[in-house]
Amino acid sequence: MAIAVALVLVAIAVGALAFHYASPWWLTPIASNWHAMDDALLLTMLITGVAFVGLHAFVAVALVRYRHRAGHRASAEHGNRRLEWWLIGITTVGIIGLLAPGLTVYARLITPPPDAQVFEVMGQQWQWHYRLPGRDGKLGTTDVRFMGPTNPFGMNPDDPVGQDDVLVGGQELHLPVGRPALAQLRAQDVLHDFYVPQFRTRMNMVPGMVTHFWFTPERAGRYEVLCAQLCGVGHANMRSWVVVDEPAAYAAWLARQATYGGGTVGSDGSGGAGGAGGAGGAAAAGKAGQLVAQAKGCTACHSVDGTRGVGPTWKGLYGSTAPLEGGGIAQVDDAYLQQSIAQPQAQIVRGFPPVMPPAQLTEAEMAAVVDYIKSVQ
Ligand code: CUA
């Protein structure tokens, strides 16, 4: 019996090692300067791996060697200085090896270099808002008093510093490759967490606090932003993108962005305030509504293929009837869609949580989204 249990323990240790090396779940290729994160993780795997295999082997050997045999009597030994010093020493080295890399890397993560370019992330159930400083290099002041559906950052309208701030249209932030970026994080409602696996960085976003960390994107590409704190029914869909551009492409993107004070970064002030943002020039392609819906985060909760999401699917929605909470039925026509987008709490479709925030759309964007919903049949 003792030998059977020992064999099971050996099989567990060998199986764990085999799974570790054969599994497909290795780290995604790194795209930032934080190689130290990977090193710390590897060292942790190594130390815990050695302890795991060593302890299983020790118990297996002890089981076999000291198993019950007729005529043998157990004896106890009290106090073995040498053994105790060895165990204390090895455990101390192991714990220092587990703690020290994490603490030193974290200290570096929250100490940005002086040339880091700041950007702000605002988390909201279940979308992301991004803000960049304008030409003055400074973010304008904010206050919760100013927060509202049309002002998710709480921008102070009287602060001249904030007028040139870039409010990024759409769920997509661009950053230039090779330049240190300082992420400044806030949350509007509950705990969220800004996480980009390829950057090896993440940080909680806490209501009432400003948290931060920095990184240098080292590879151009498009990386998914995940929310890494369970923040409600739409948590799994709370995603957006960080696009790391070569400098020229970044400058072109930045020039198209709208500023808080009106106009776009690249314009002489003649560009339309609250411009189409993520929709941009693609409007001409006739896909304007789809792009707006993606940019404003609608598609996080509303599917176009009939799948039930946090909110009703758009497939076949137009022209149908919607049963309402508290009784009654709504005819889904243009007026119903416009009201549902601008004042989602006015009528709640039965069976869905009343969680949609009012969407901030210009008249043109509203018309485009309604047209898009009509087209999804
Ligand atoms: Cu926001 Cu999970």
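The values are calculated or read from the model by the stated rules, or taken from the named source; none is laboratory data. Please read all numbers here as calculations on a predicted model, not as lab measurements. Glycine also receives a Cβ, built like all others from the backbone with ideal geometry; neighbour counts cover every protein chain displayed. Calculation scope for accessible area: heavy atoms of the full protein, side chains included, ligands and nucleic acids excluded. Shrake-Rupley method; radii C 1.70, N 1.55, O 1.52, S 1.80 Å.
Values for this structure:
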{"quantity": "Qualifying residue in the range 50-59 (condition: among the hydrophobic types (A, V, I, L, M, F, W, C), more than 24 Å from VAL5 (Cβ to Cβ) and in a helix (DSSP H, G or I))", "calculated": "no"}
{"quantity": "First in the range 221-232 and of a type in the set (Phe, Trp, Tyr), second anywhere and open to solvent by 20 Å² or more (accessible area, probe 1.4 Å) and more than 14 Å from the ligand (Cβ to nearest atom), Cβ under 7 Å, 6 or more apart", "calculated": "TYR223/GLN198; TYR223/TRP241"}
{"quantity": "Condition check for PHE213: more than 16 Å from the ligand (Cβ to nearest atom), part of a loop (DSSP other than H, G, I, E, B) and open to solvent by less than 20 Å² (accessible area, probe 1.4 Å)", "calculated": "no"}
{"quantity": "Scope the range 345-368; condition among the acidic types (Asp, Glu) and either loosely packed, with under 15 Cβ neighbours inside 10 Å or part of a loop (DSSP other than H, G, I, E, B) (or both); matching residues", "calculated": "GLU363"}
{"quantity": "Complete set of residues in the range 300-324 that are of a type in the set (Val, Ile, Thr), open to solvent by less than 60 Å² (accessible area, probe 1.4 Å) and without any contact (Cβ under 8 Å) to a residue 24 or more places away in the chain", "calculated": "THR313"}
{"quantity": "The listed residue being open to solvent by less than 40 Å² (accessible area, probe 1.4 Å), modelled with pLDDT under 90, part of a loop (DSSP other than H, G, I, E, B) and within 16 Å of the ligand (Cβ to nearest atom), out of GLY170, GLY232, GLY134", "calculated": "GLY232"}
{"quantity": "Evaluation of MET203 against (1) in contact (Cβ under 8 Å) with a residue 60 or more places away in the chain; (2) part of a strand (DSSP E or B) (one fails), failing number", "calculated": "(1)"}
{"quantity": "Which listed residue is in contact with a strand residue (DSSP E or B) (Cβ under 7 Å, 6 or more places away or on another chain), modelled with pLDDT under 95, within 16 Å of the ligand (Cβ to nearest atom) and among the basic types (Lys, Arg), from ARG256, ARG202", "calculated": "ARG202"}
{"quantity": "Residue that is nearest to the ligand (Cβ to nearest atom) [pool: residues in the range 105-131 that are without any contact (Cβ under 8 Å) to a residue 40 or more places away in the chain and not in a loop (DSSP other than H, G, I, E, B)]", "calculated": "HIS129"}
{"quantity": "Every residue from the range 62-91 that is assigned to a helix (DSSP H, G or I), of a type in the set (A, V, I, L, M, F, W, C) and open to solvent by 90 Å² or more (accessible area, probe 1.4 Å)", "calculated": "LEU83, TRP85, TRP86, LEU87, ILE88, ILE90"}
{"quantity": "Set THR142, THR150, THR104: member being in contact with an Asp or Glu (Cβ under 9 Å, 6 or more places away or on another chain) and outside the structural domain of GLY297 (by TED's automatic domain parsing)", "calculated": "THR142"}
{"quantity": "Only listed residue being without any contact (Cβ under 8 Å) to a residue 40 or more places away in the chain and surrounded by 14 or more Cβ atoms within 10 Å (Cβ to Cβ), chosen from GLY94, GLY154, GLY140", "calculated": "GLY154"}
{"quantity": "Residue match in the range 35-52 (condition: touching a Leu at 6+ places or on another chain (Cβ under 8 Å) and over 24 Å from LEU99 (Cα atoms))", "calculated": "no"}
{"quantity": "Members of the range 71-118 found to be over 22 Å from the mean Cα position of the chain (by Cα) and among the charged types (D, E, K, R), listed by number", "calculated": "ARG73, GLU77, ARG81, ARG82, GLU84, ASP115"}
{"quantity": "Subset of the range 325-344 (residues that are surrounded by 11 or more Cβ atoms within 10 Å (Cβ to Cβ) and out of contact with any strand residue (DSSP E or B) (no Cβ under 8 Å at 6 or more places or on another chain))", "calculated": "ASP333, ASP334, ALA335, LEU337, GLN338, GLN339, SER340, ILE341, ALA342, GLN343, PRO344"}
{"quantity": "Residue list for the range 137-153, filter: assigned to a loop (DSSP other than H, G, I, E, B), touching a strand residue (DSSP E or B) at 6+ places or on another chain (Cβ under 7 Å) and more than 16 Å from the ligand (Cβ to nearest atom)", "calculated": "LEU139, GLY140, PHE153"}
{"quantity": "Number of positions in the range 184-199 that are within 15 Å of ALA31 (Cβ to Cβ), within 16 Å of the ligand (Cβ to nearest atom) and crowded, with 19+ Cβ neighbours inside 10 Å", "calculated": "1"}
